Amino acid sequence: MARRGAYAKGVAKREEILAAALEVIAREGYGRASVRELADAVGLSQAGLLHYFGTKEELFAAVLRKRDEIDLARFEEQTGDVTAFEGLRQTIGRNADVPGLIQLYVRLSAEATDPAHPAHAFFTERTRTFREFVAGDIRRMQSEGTARTDIDAEQAAMLILASADGLQVQWLMDPTIDMAEHVSVLLRLLEPPPTPADA
C-alpha cells in the first residue's frame, strides 16, 4: 500500500511539473525557460525536478507529449463530426498563441533526429501515430467522396505533417504567416474537383 501511495504521489507530481512547464514555456519561450525556473515553479531543486524525468531532454519531450494529450482531448470533446483535417487546422491556429511551445517543438524535433537522443523515440512514435490517424481519415473521406481518390493516403498524410512542421519553422521566422490558412490551402488540394453540376 505504501508503495502504491508513493507511486500515486510521483504521478501527481509529474503532472504538476508538466502543467507548470507548459505554462512557463508558453509564457517565457523555450530559450528562456530554464530547468531552474521550472523547478522553482513547483518548489523543487533542479536535481529534484530531473528525478522525475531523468534528463532535461526527456522532460521537454514529456511536455510536448502532454501538449499532444491536451490537444487530443480537446479534439475528442468537440461535438459533431470533426475530421482530422479540421482538428489539425484548429490546433495549428491555437499554436500561434504559444510561441514558446513551437520553439520547443522545432528545436527538440531537430535534435531528436539523432537516434541516440532521449526524445528520439517520442518523435518517432508521434510521427507514426499522426500519419496513421490522418491517413485513416483520408481513406474514410475517399470512401465518402469528399477527398480525391487518385492520391495515396499515406503519402498525403506525410506531406501534411511535413507542411505543418515546416510552417512552424517559417512562422518562427515570420510571425505574420497564418499557419492555419496555409495548411487549409494544402488540404483543399485534396478535395475532389467540382462536378459540372457544382460549377
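The values are calculated or read from the model by the stated rules, or taken from the named source; none is laboratory data. None of the values given here were measured: they were computed from a predicted structure. Note that we place each Cβ from the backbone using ideal geometry, even for glycine, and neighbour counts take in every protein chain shown. The protein model used for the area step is the full one, side chains on, heavy atoms only, and it has no ligands, DNA or RNA in it. Shrake-Rupley method; radii C 1.70, N 1.55, O 1.52, S 1.80 Å.
Going by alpha carbons, how many degrees (0 to 90, nearest 10) lie between the helix axis of 99-111 and the longest principal axis of the chain? Between the helix axis and the principal axis of the chain, the angle is about 90 degrees. Shape analysis of the stretch 4-150 yields a ratio of the Cα radius of gyration to the Kirkwood radius, Rg/Rh, of 1.04.
Angle of helix 120-144 to the longest C-alpha principal axis of the chain, folded into 0 to 90 degrees and rounded to 10: 30°.
Contact order for the chain, expressed relative to its length and based on alpha carbon pairs under 8 Å spaced 6+ residues apart, stands at 20 percent. Working from the Cα coordinates of the stretch 88-164, the gyration tensor eigenvalues give, after taking √(5λ), semi-axes of 27, 16, 9 Å in decreasing order. Only Lys, Arg, Asp and Glu carry charge here, each on its Cβ (+1 for the first two, -1 for the last two); on that basis the chain has a dipole of about 900 debye about its Cα centre. Largest accessible area first, the listed residues His120, His51 line up as His51, His120 when surface is computed with a 1.4 Å probe on the assembled protein chains. In the chain, helical runs assigned H by DSSP with n ≥ 4 each contribute -39500 (n - 2.57); averaged across all residues and rounded to the nearest 500, the mean residue ellipticity at 222 nm is -24000 deg cm²/dmol. Relative to the longest principal axis of the Cα atoms of the chain, the long axis of helix 153-173 makes an angle of roughly 60 degrees. Heavy-atom accessible surface of Thr176, to the nearest 10 Å², is about 120 Å², with a 1.4 Å probe and all protein chains retained.
What you get for the stretch 30-88, charging only the Cβ of Lys and Arg (+1) and of Asp and Glu (-1), is a dipole of about 400 debye around the Cα centre.
Accessible surface ranking for Met158, Met141, 1.4 angstrom probe, highest first: Met158, Met141.
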